[in-house]
Structures are given as structure tokens and as C-alpha cells.
Amino acid sequence: KESFMKFYQSSKWIQVGIVAAVAALSFTQAFAQDVGARIGAVNVEKVFNESNLAKQSQARLERDFAKRQADIRDGAEKIRAAAEKLDRDGAVMNEAERIRRQRELADQDRELQRKQREFTEDLNQRTFEERAKIAEKANLVLKQIAEQRKIDVIVQEAAYVNPKSDITDDVIKALNSQK
């Protein structure tokens with residue numbers, strides 16, 4: 001019964017979200033029709049994935065973080081090999097030596113996990129910074145395109161976009177033409 005209630009509550013939130021999306025879409029369509037507004041849409045993720053800036057940014061991140069990633073991978077391999085050796089040799093070791101090696105292995109594992117967390121945090125931070133730079137340039141391009149085409153509203157991440165209103169490829173072309 002409890003899982004049904006959770007499902008029911010979550011499905012209510014989904015229904016509320018759908019109603020809100022339909023209302024927003026209806027409002028946008030009504031606004032466009034009543035005022036004669038022109039609407040454009042852009043797929044931000046496509047810009048972040050397909051523009052030359054995004055590709056250069058991704059290559060820079062991979063280059064900057066490759067050594068740390070390799071060090072973590074090597075550390076994990078060393079710990080795995082040490083654990084296998086301990087499993088093989090543990091039966092013939094005296095108890096004190098086995099316990100000492102288990103502690104060393106646990107300490108090494110904790111250190112590796114700390115390095116992995118730091119790596120992930122640093123990578124996420126740098127990715128965020130790189131995306132912010134791309135977004136800043138993309139917003140300038142969006143404004144230029146909107147002024148050139150006399151677009152009144154540009155929507156990001158729409159549920160549906162008529163290809164006539166999609167300006168994503170134009171944004172990518174404009175970004176790619178910049179230095």
C-alpha cells in the first residue's frame with residue numbers, strides 16, 4: 001500500500017508538470033498569435049556537444065585530466081593486484097602479517113577513493129566553467145540572431161520545436177565562425 005501511495009504521489013507530480021508544460025506552451029502560442037511575436041528555439045545540449053568550442057573544450061579537459069585519470073586507474077590496478085596476492089598468500093601468512101597487509105590495503109583503497117572524489121569534483125568544476133564560457137558566447141550569438149531575424153522570444157529546451165523555429169544549427173554555425 002505504501003509503494004502505491006508513493007507511485008500515486010509521484011504520478012500526481014508528473015501530471016502537474018505536464019499540465020504546467022501544456023499551459024506554458026498554450027500561453028506561448030497565444031502570445032505569439034495575439035501579439036504577432038516571432039519565436040525561435042535552441043537546443044542548448046546540442047550547442048554544448050556539437051559546436052567547435054565545445055569540442056575544443058572537451059579535448060582540453062581530456063588533455064588536462066588524462067594524467068590524473070591514468071594515475072587513478074594505475075592505483076586501482078595495483079590495489080586489485082595486491083588484494084589478489086593477499087587472497088592467495090593469506091592462508092600461509094601469520095595472522096599479524098595478514099592483518100597488517102589488510103590494513104595497508106584498506107588505507108590504500110581509502111586514499112584512492114579520496115583521489116577519485118577529488119578528481120570527479122575538479123572535473124565537474126572545470127566542466128561547469130567551460131560550459132559557462134560557451135554559454136556566454138552562445139548567448140551573444142543568440143542575441144545577434146534574434147536581432148537580425150526580428151525574433152521576439154527564444155525558448156531553450158522546449159518539449160517540441162517545429163523545424164522552422166529551430167535556430168540551433170545557426171547558433172552552432174555562428175559560434176564555429178568565431179575565433
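Points worth noting:
- A full extension of the chain between residue 133 and residue 147 corresponds to an added length of 2.9 nm, given 0.36 nm per residue minus the alpha carbon distance.
- Extending 7 Å from Cα along the Cβ direction at residue 169 and again at residue 81 yields two label points whose distance is 5.2 nm.
- Straight-line cross-link reach from residue 115 at under 20 Å between alpha-carbon atoms covers these aspartates and glutamates, not counting any fewer than eight positions away in the same chain: 62, 64, 71, 74, 77, 104, 107.
- The range 50-131: translational diffusion in µm²/s, Stokes-Einstein, Kirkwood Rh over Cα pairs, 20 °C, 1.002 mPa s: 143
- Segment residue 74-residue 115, length gained on full extension (0.36 nm per residue, minus Cα span): 13.5 nm
- Shape metrics for the range 33-179, restricted to C-alpha atoms - Rg then Dmax, Å: 25.5, 85
- Here the range 134-179 is treated as a Stokes sphere of Kirkwood radius computed over C-alpha pairs; at 20 °C and 1.002 mPa s its diffusion coefficient rounds to 191 µm²/s.
- Heavy-atom accessible area order for 119, 128, largest first, 1.4 Å probe: 128, 119
The values are calculated or read from the model by the stated rules, or taken from the named source; none is laboratory data. Keep in mind that what you see is a predicted model, and the values were worked out from it rather than measured. Reconstructed Cβ throughout: ideal geometry from the backbone, glycine too, with neighbour counts over all protein chains shown. Each accessible area value is taken on the protein alone, full model and side chains, heavy atoms only, with ligands, DNA and RNA left out. Shrake-Rupley method; radii C 1.70, N 1.55, O 1.52, S 1.80 Å.
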